[in-house]
Each structure stands twice: as C-alpha cells, then as structure tokens.
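Colleague: Would you mind keeping the following structure in view while I ask a few things?
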C-alpha cells in the first residue's frame with residue numbers, strides 16, 4: 001500500500017479529513033495589535049485568511065489559579081471573546097479543562113494539559129463556564145481572557 005502523504009490529497013480532501021487522527025490538525029488563533037485594539041486573524045469557510053470582523057477585544061484579564069482534585073471554575077471579569085489556559089511548567093500533575101462535570105481522572109474533559117501545555121478557545125464566558133481539575137493537589141494554571 002502506498003504511503004499517504006499530505007500533498008497526495010486535494011484541498012477539499014484535506015479539509016474533509018481535518019479531524020482525522022492521522023493528521024492531528026490543531027486550531028491556531030493569531031492575534032495582533034492594530035495600534036488601538038486586538039484583532040484576530042481567522043480562516044473563513046472559503047479557506048481565506050481574514051481579519052475577524054466581529055467587535056475586536058479591547059481588554060484582557062486573568063491571573064494564576066490553584067487547582068486541585070476538585071473542579072475549580074475559571075472565572076473572568078467582563079464578557080470574554082477568547083481565553084487561554086496554561087498549566088504551570090512547574091506542575092507535577094496533569095490538568096484537565098472542561099465543563100462542571102469534569103473529574104480528576106479526566107472524564108468529560110475537553111483538553112488534557114501536561115506541565116507547560118496551553119489551550120486557547122474562543123469563548124463567551126457568560127454562556128459557557130470553563131473548569132479545571134488535576135490528579136494532584138496544589139497545581140497551578142494561568143488564565144488569560146481577551147474581553
């Protein structure tokens with residue numbers, strides 16, 4: 001059987017396979033300072049790179065949070081547009097991020113973070129809260145929100 005290579009597929013076939021485990025495609029958010037506000041670059045449905053046309057973020061907030069074996073809600077001030085959660089590089093345990101039903105064994109998690117790993121999500125925190133939990137007591141995460 002011939003080896004599958006990325007260049008052997010059409011653009012549409014690659015888009016159709018974007019969640020295929022073979023390719024392990026990652027979403028990437030790119031932000032830039034316009035001189036007055038933060039703007040986000042996105043790929044539209046046609047595959048074109050465009051500047052986010054929604055109201056851009058005008059502020060930010062966040063800070064460190066201690067996480068243990070009980071789920072902790074990661075709260076933010078104001079209405080968020082995008083959030084980033086990073087596991088402290090000095091942690092000794094895993095961190096899981098998800099909804100309120102997340103467990104310290106990773107059940108119901110949307111992301112698992114090893115020490116130093118981070119996840120970034122477009123999120124309106126007023127409608128969908130994020131929680132973090134660890135398999136080890138007294139771990140730290142850093143939270144950042146663009147508002």
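Colleague: Counting only residues that are in a loop (DSSP other than H, G, I, E, B), surrounded by 14 or more Cβ atoms within 10 Å (Cβ to Cβ) and modelled with pLDDT of 95 or more, how many does region 116-142 have?
Modeller: 2
Colleague: Against the conditions (1) under 16 Å from the mean Cα position of the chain (by Cα); (2) on the phi < 0 side of the Ramachandran plot, where does residue 116 fall short? Just the number, please.
Modeller: All conditions pass for residue 116, except number (2).
Colleague: Could you say whether any residue in region 92-100 is at pLDDT below 90 and either surrounded by 19 or more Cβ atoms within 10 Å (Cβ to Cβ) or assigned to a strand (DSSP E or B) (or both)?
Modeller: no
Colleague: Restricting attention to region 56-65, does a residue exist that is surrounded by fewer than 16 Cβ atoms within 10 Å (Cβ to Cβ), closer than 18 Å to residue 111 by Cβ and either in contact with a helix residue (DSSP H, G or I) (Cβ under 9 Å, 6 or more places away or on another chain) or touching a residue at least 60 places away in the same chain (Cβ under 8 Å) (or both)?
Modeller: Scanning region 56-65 turns up no residue that is surrounded by fewer than 16 Cβ atoms within 10 Å (Cβ to Cβ), closer than 18 Å to residue 111 by Cβ and either in contact with a helix residue (DSSP H, G or I) (Cβ under 9 Å, 6 or more places away or on another chain) or touching a residue at least 60 places away in the same chain (Cβ under 8 Å) (or both).
The values are calculated or read from the model by the stated rules, or taken from the named source; none is laboratory data. What you see is a predicted model; the values in this text were computed from it and never measured. Reconstructed Cβ throughout: ideal geometry from the backbone, glycine too, with neighbour counts over all protein chains shown.
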